[in-house]
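K.L.:
Sharing a structure here in structure tokens format.
The values are calculated or read from the model by the stated rules, or taken from the named source; none is laboratory data. All values derive from a computational prediction rather than experimental measurement. Backbone-built Cβ (ideal geometry, glycine too); neighbour counts: all protein chains shown.
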Amino acid sequence: MDIIVINSLKSLPSRSRYRLIKRVGDYLICLLAMPIVLPVMAICALAIWLDSPGPMLFVQERIGKGGRQFKMLKFRTMQHNLDDREHRVFMKAFVNGQVNGVSGHQMFKPVQAAQVTRVGRILRKTSLDELPQLFNVLRGEMSIIGPRPNVPWEVEEYRLWHHERLEVLPGITGLAQVMGRSGLPFDRIAKYDAEYVMKQSFGLDLKIMLWTVKSVLMGRGAG
């Protein structure tokens, strides 16, 4: 089953024209957004600095297209220098399907919520914590739309077909995110991401962008 799915992905058209136009579009969107985004980012950084000790940015190794590692940027939303061992155990179990989407996150989030700063709660609710990833897009490590990148120790738990997510550049937002990521089991997230890889087009990208804007305006951030 896994081999058949992966072979079907390899047989897809190269879509080189689509990828080129999408890459140029990502770059132009980021450049055009910077005059508005940079002042907002400066306000966010100042709020984080005033709210809690520690760096303003959270920099973490993630796995991108083709399994390549890169440093993903986010605004820090949690207390600095936390012990993440409990989080790692939970997320490994989540990727392995040992923890269900909604029920598992309901059990784990109260613990995590206690570690989120006051400003961090606002940044997560509005998705402003993701703004620094525009620089990842400019560096060619991410796209505006694509599967969300996992950390290396999560990717180590992938089953064979989960690697379909790594066929394209990871994104700031994606199909799984607008379909309710925080309440989905990991296999369902991976299936949405594989569906995006199979069906990616300008039309689908536009739909995901519009759904993302709607989610942000309704306050359904990642936090």
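K.L.:
Would a scan of the range 79-87 turn up a residue that is among the hydrophobic types (A, V, I, L, M, F, W, C) and touching a residue at least 40 places away in the same chain (Cβ under 8 Å)? Spell out the reasoning first.
P.N.:
Residues of the range 79-87 among the hydrophobic types (A, V, I, L, M, F, W, C): 82.
Pick out the ones that are also touching a residue at least 40 places away in the same chain (Cβ under 8 Å) and you get none.
The answer is no, given that none of the residues of the range 79-87 is among the hydrophobic types (A, V, I, L, M, F, W, C) and touching a residue at least 40 places away in the same chain (Cβ under 8 Å).
K.L.:
Taking Leu31 as meeting all but one of (1) in a helix (DSSP H, G or I); (2) in contact with a strand residue (DSSP E or B) (Cβ under 9 Å, 6 or more places away or on another chain); (3) closer than 22 Å to Gly146 by Cβ, write down the number of the exception.
P.N.:
So the condition that Leu31 fails would be (2).
K.L.:
Now for a different question. Please work out if Val102 is in contact with a helix residue (DSSP H, G or I) (Cβ under 7 Å, 6 or more places away or on another chain) and modelled with pLDDT under 85. Working first, answer last.
P.N.:
Values: in contact with a helix residue (DSSP H, G or I) (Cβ under 7 Å, 6 or more places away or on another chain): yes; modelled with pLDDT under 85: yes.
In short, yes.
K.L.:
Here is a follow-up. Residue check, Val119 against (1) more than 27 Å from Leu169 (Cα to Cα); (2) surrounded by fewer than 19 Cβ atoms within 10 Å (Cβ to Cβ); (3) modelled with pLDDT of 80 or more; (4) out of contact with any Gly (no Cβ under 9 Å at 6 or more places or on another chain), all met but one. Which one?
P.N.:
(2)
K.L.:
Another question about this same structure. State the number of residues belonging to the range 38-63 that are under 14 Å from Leu123 (Cβ atoms) and not in a loop (DSSP other than H, G, I, E, B).
P.N.:
Counting residues in the range 38-63 that are under 14 Å from Leu123 (Cβ atoms) and not in a loop (DSSP other than H, G, I, E, B) gives 14.
K.L.:
Could I ask something else about it? Quick one: which helices (runs of 4 or more DSSP H) sit completely within the range 135-209 and have at least 3 residues that are free of Cβ contacts under 8 Å to residues at least 24 places away in the same chain and surrounded by fewer than 23 Cβ atoms within 10 Å (Cβ to Cβ)? Break it down stepwise before answering.
P.N.:
Values: elements: 152-155, 175-178, 186-199.
Correct list: 186-199.
K.L.:
Let me ask something additional. With the checklist (1) at negative phi; (2) surrounded by fewer than 19 Cβ atoms within 10 Å (Cβ to Cβ); (3) assigned to a helix (DSSP H, G or I) in hand, flag the one item Gly66 doesn't pass.
P.N.:
(1)
K.L.:
Something else about it: Examine the range 72-88 for a residue that is under 26 Å from Met142 (Cα atoms), in contact with a Gly (Cβ under 8 Å, 6 or more places away or on another chain) and of a type in the set (Lys, Arg), and state whether such a residue exists.
P.N.:
Yes.
Yes or no, residue by residue, for (1) touching a Pro at 6+ places or on another chain (Cβ under 9 Å); (2) modelled with pLDDT of 95 or more:
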{"residue": "Arg76", "(1), (2)": "yes, yes"}
{"residue": "Asn81", "(1), (2)": "no, no"}
{"residue": "Val89", "(1), (2)": "no, no"}
{"residue": "Ala93", "(1), (2)": "no, no"}
{"residue": "Gly97", "(1), (2)": "yes, no"}
{"residue": "Met107", "(1), (2)": "no, no"}
{"residue": "Val137", "(1), (2)": "no, yes"}
{"residue": "Ser143", "(1), (2)": "yes, yes"}
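K.L.:
Please go through the range 11-26 and give me each residue that is among the small types (Gly, Ala, Ser) and modelled with pLDDT of 90 or more, ordered by number. I'd like the intermediate steps shown before the answer.
P.N.:
First, the residues of the range 11-26 that are among the small types (Gly, Ala, Ser): 11, 14, 16, 25.
Residue satisfying the conditions is Gly25 alone.
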